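Structure, as structure tokens:
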Amino acid sequence: MSLIRLLFFGVFLAGTYLSLSAQKDDLAFVDFLVQKGSYREAIFVLNKMPYESFSQTRLDSLNYFKGWAYYSVKELDSSSVCLGLVSQGAVMYSKSSLFSAYNRMHLGQLGKAKEQLSFYNPSSHQDSLMKMYLTCGMELLSRNYKGYHQHRQQLDCGFYGYVDELTKIDAIASRLQVHRPKSVFCAGLMSALVPGSGKIYLGRTGQGISSMLLVTGLGLVTAENIRKRGMESFASIFFGTVFTTFYVGNILGTVKLGAIVNQEFNAENDAKILFNLHIPLRNLYN
């Protein structure tokens, strides 16, 4: 009886050893693919693995590799999910948590980024500073200037990891705070009174002058035809219709341009903020 038990025990140990050996081989292969830059292939292999049979340590490694592979192919939502699953005891915990939060910011998911950072427990002085640095960036992306300055005061301004980028982010914050969005109503009203002037107000001088010349020219032609041929002549009606179309289009176009100009300003500054958040992350944790 004892011989049979020993036999079963031996088979169990052999199976366990083979399973662990296969897991190591799989992880080594995935690591090879990631290091080689074959991220799509790594994701394919990772998706085929039986996650339920792995230990927490193995799961952390798999989630990190998968999250980094998704990050490398710019599938940031999937990357954030996978990196966010890496547990606190893992070697790559800090890198995973910080990049997960950054990915959320890049996607405009600022609420989820804030949640990710709030749950993150830094294990070193550098990690604490980077958590605070990303939090500053998140508050600036939210245009929460009070929150930005509160967290900004807690940063070590001389920390080598972000000293240059922090200077640039401070400059962006100053520019954003003094900026006043262009009034869409004022722009439309100006173009109604003087065609094209609203576009000049919005900073699109070339478009404004073009609109001014075109609408004014059509107006003068229309007025000349009415003076010579009267209101009911074909030429007067034709040029009057064309003038009215371009005049109204000039107003509506100005209103639409106003919204675009404000959006472009915000998008441009958001891109600069994200860029200056990304550089320290890559330099310190890559």
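The values are calculated or read from the model by the stated rules, or taken from the named source; none is laboratory data. Since we're looking at a predicted model, the values are computed, not measured. We place every Cβ from the backbone using ideal geometry, glycine too, and count neighbours over all the protein chains shown.
The table below lists the values:
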item	result
Helices (runs of 4 or more DSSP H) completely within region 109-206 that count 2 or more residues being of a type in the set (D, E, K, R)	110-119, 125-141, 145-152, 163-178
Of the criteria (1) under 21 Å from G188 (Cα atoms); (2) outside any helix (DSSP H, G or I), which one L214 fails	(2)
Every residue from region 72-82 that is free of Cβ contacts under 8 Å to residues at least 24 places away in the same chain and either surrounded by 21 or more Cβ atoms within 10 Å (Cβ to Cβ) or in a helix (DSSP H, G or I) (or both)	S78, V81, C82
Residue among F185, F159 that alone is among the hydrophobic types (A, V, I, L, M, F, W, C), more than 22 Å from the chain's Cα centre (by Cα) and closer than 18 Å to K256 by Cβ	F185
Hey, N63 assigned to a helix (DSSP H, G or I), crowded, with 18+ Cβ neighbours inside 10 Å and at pLDDT below 95 or not	yes
Any hit, region 263-278, residues being more than 30 Å from A101 (Cβ to Cβ), part of a helix (DSSP H, G or I) and aliphatic (A, V, I, L, M)	no
The one condition in (1) more than 38 Å from the chain's Cα centre (by Cα); (2) at negative phi that K256 fails to fulfil	(1)
Failed criterion for L218 (all others in (1) over 17 Å from T245 (Cα atoms); (2) crowded, with 19+ Cβ neighbours inside 10 Å hold)	(1)
Some residue of region 247-267 being surrounded by 14 or more Cβ atoms within 10 Å (Cβ to Cβ), at pLDDT below 90 and touching a helix residue (DSSP H, G or I) at 6+ places or on another chain (Cβ under 7 Å)	yes
Test result for T222, without any contact (Cβ under 8 Å) to a residue 60 or more places away in the chain, in a helix (DSSP H, G or I), touching a Pro at 6+ places or on another chain (Cβ under 8 Å) and farther than 18 Å from N262 by Cβ	no
Region 83-108, residues that are among the small types (G, A, S) and part of a loop (DSSP other than H, G, I, E, B)	S87, G89, A90, G108
Complete set of residues in region 198-210 that are closer than 16 Å to V184 by Cβ and of a type outside the set (D, E, K, R)	G198, I200, Y201, L202, G203, Q207, G208
Those residues of region 152-208 which are surrounded by 12 or more Cβ atoms within 10 Å (Cβ to Cβ), over 19 Å from E139 (Cα atoms) and of a type in the set (S, T, Y), in sequence order	S183, S191, S197, Y201, T205
